[in-house]
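Enquirer: Questions regarding the structure given below will be posed in turn.
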Amino acid sequence: MKFRPLHDRVVVRRVESEEKTAGGIIIPDTAKEKPSEGEIVAVGNGVRDDAGNLVALEVKAGDRVLFGKWSGTEVKIDGEDLLIMKESDIMGILG
Amino acid sequence: MKFRPLHDRVVVRRVESEEKTAGGIIIPDTAKEKPSEGEIVAVGNGVRDDAGNLVALEVKAGDRVLFGKWSGTEVKIDGEDLLIMKESDIMGILG
Amino acid sequence: MKFRPLHDRVVVRRVESEEKTAGGIIIPDTAKEKPSEGEIVAVGNGVRDDAGNLVALEVKAGDRVLFGKWSGTEVKIDGEDLLIMKESDIMGILG
Amino acid sequence: MKFRPLHDRVVVRRVESEEKTAGGIIIPDTAKEKPSEGEIVAVGNGVRDDAGNLVALEVKAGDRVLFGKWSGTEVKIDGEDLLIMKESDIMGILG
Amino acid sequence: MKFRPLHDRVVVRRVESEEKTAGGIIIPDTAKEKPSEGEIVAVGNGVRDDAGNLVALEVKAGDRVLFGKWSGTEVKIDGEDLLIMKESDIMGILG
Amino acid sequence: MKFRPLHDRVVVRRVESEEKTAGGIIIPDTAKEKPSEGEIVAVGNGVRDDAGNLVALEVKAGDRVLFGKWSGTEVKIDGEDLLIMKESDIMGILG
Amino acid sequence: MKFRPLHDRVVVRRVESEEKTAGGIIIPDTAKEKPSEGEIVAVGNGVRDDAGNLVALEVKAGDRVLFGKWSGTEVKIDGEDLLIMKESDIMGILG
């Protein structure tokens, strides 16, 4: 992979969640602001706290995550459609 | 349970409160912004203060809580309807 | 009482102030944003300052207080109508 | 006096300023946002700085002050019309 | 002078600047938001920084200053028209 | 090069990305807010953290970056069209 | 020069940039928000960081700078048209 996001940004590959898999996530179709499922592809180095220390992100490459449906900016890297967003757009880690 | 919320987010299972149970909570039907009752299913690791220390959340899994009626994002995890919200949307702990 | 508010929230029981008692509070009927009188029923553990120390609230259960008339969220706990609000909605302590 | 304001709030008794007294304050009638004159009746304990220390207010009971004409919330305490406002609404001390 | 402004407030006596004096300031008449010239009459004690230290103001009584034309609140103290404003409304010191 | 940006600003030379190069970036034409590709030409000295230390920027001259399509201010330096923007407008580093 | 700007303010003399000088800056005429070129005439003492230390400005008198076209307030000092603006309105230093 040839892209390193800055600071608290992450690169996410959107995953189409299967409906009704045992143990899987099913996003209700009728919800107004449904989260999407994705896989973390790359993460930034984190942000500095007030004491000047670099605080690493809580997610790492490979994590399966939920994020707000309209979060992030679409890019195509190595021919693949990906999303760049901030870690604060990530709701949590699956699995 | 297979979902870990990030930072100060929590996962809540909405509970339909029974009307008029002794010692129970009864949400007045006529109030404009009535809080809802729920049970904490999972909590994030907390947020860092200015000194860089991770401060754990005050709620924990199993807590019975009140939260703003329109708080949170609906998800379906393992076939169950749940809510992801921030701890700041939680008003307090019952029991 | 079976409810513990989180952080800087307090639970208040609204008190109908008697008119013209010596030493009592009389809220002028014509004022646009009149404060209400109430009694603190329960308080949260407080909030952390930038150094990470938990700072307790200045009000405590039993305090007679004035608060903004439209402050707080109405709940019914143990069959009693109460208000959940932030300490910053409390203007001061009577008595 | 039976009311203690919280944090950085103060209680003020509005004073009708006499016109043209030597050394007195005369509020121009035509100004759009004229300050009012008053006397501090009670003050809160102050607010904490980032290091967690309680910083006392700069005004004290008895101070004669100018404040924004529309500042504060009207209350009647012990049958007297008073104002509860924040210290930041006080412009300065006379005398 | 009988008025002490609070914190970072200052009292300013507006000065009508003479046109075209050598070394003087001439405010262009056509500018939309022209600064005004004035003299500092009194200053507050300053504000506290995050470490709790009181930081004095940079202007002092007697300073000739430029300030935003619409800055401040008009008061009449000892029969004289003056302005109360914050130090941040002062653009700089002449002379 | 004859321009040094201040603080957290950077100077970027916009690069027209080739379509479909192996390992290259292809910006999808249909996306609403597509990032642009560019090369960092000059960077500021960074900003100070709360402890007063100067924190250098994460990008450096020569870095190939993605940035928001509408970010920055256009200038012509030495006859070349360049962009001045803040590091926070940079999404990440390619390569 | 007889004017000292306060804190993080600077005084700038606008310079009409020549078109097409080798090594010079040419502002494109068609850009919507074109920066202007100017020379720093005077700078404030800087602002204090959270630790209370005075941090000097990065620009100094004599610096040739680019700034946002609509930045600053126009004044006439010693008969000369100048601009008072904040250092944050300065994009960078030429030369």
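Enquirer: Past 28 Å, Cα to Cα, is the threshold; run B:K86/E:K86; E:K60/G:K2; A:K60/C:K86; A:K69/B:K69; A:K60/B:K2; A:K86/B:K60 against it and keep the listed order.
Expert: Values: B:K86/E:K86 38 Å; E:K60/G:K2 17 Å; A:K60/C:K86 37 Å; A:K69/B:K69 22 Å; A:K60/B:K2 17 Å; A:K86/B:K60 26 Å.
Beyond 28 Å: B:K86/E:K86; A:K60/C:K86.
Enquirer: Apply 1/(1 + (r/R0)^6) to the Cβ-Cβ distance of G:N45 and E:W70, taking R0 = 25 Å, and write down the FRET efficiency to the nearest 0.05.
Expert: Values: r = 26 Å, r/R0 = 1.03.
Approximately 0.45, to the nearest 0.05.
Enquirer: Let me ask something else. Quote the accessible area belonging to C:R64 in square angstrom, nearest 10, computed with a 1.4 Å probe and with ligands, DNA and RNA left uncounted.
Expert: Its accessible surface works out to 80 Å², give or take rounding.
Enquirer: When you look at the Cβ of every residue in A:71-80, what mean number of other chain Cβ atoms sits within 10 Å? If you can, show how the numbers build up before the last one.
Expert: Working: counts 0, 0, 9, 8, 11, 11, 8, 6, 7, 1.
The mean count of partner-chain Cβ atoms within 10 Å per residue comes to 6.
Enquirer: Here's a follow-up. Return the whole-Å distance between the Cα centroid of segment E:49-95 and the Cα centroid of segment D:62-95.
Expert: 22
Enquirer: As a test of the definition: with a 1.4 Å probe, what buried accessible area, both sides summed, do you compute for F against G, in Å² to the nearest 100?
Expert: Working: alone 6530 and 6530 Å², together 11220 Å².
Summed over both sides, the interface buries about 1800 Å².
Enquirer: Turning to a different aspect of this structure: Might you work out the accessible area of G:I93 for me, using a 1.4 Å probe with all protein chains in place, and round it to the nearest 10 Å²?
Expert: 20
The values are calculated or read from the model by the stated rules, or taken from the named source; none is laboratory data. Quick caveat, the model's predicted, so the values are computed rather than measured. FYI the Cβ positions are ideal-geometry reconstructions off the backbone, even for glycines, and counts take in every protein chain you see. Ligands, DNA and RNA are stripped out before the accessible areas are found, and what is left, the full protein with its side chains, is counted by its heavy atoms. Shrake-Rupley method; radii C 1.70, N 1.55, O 1.52, S 1.80 Å.
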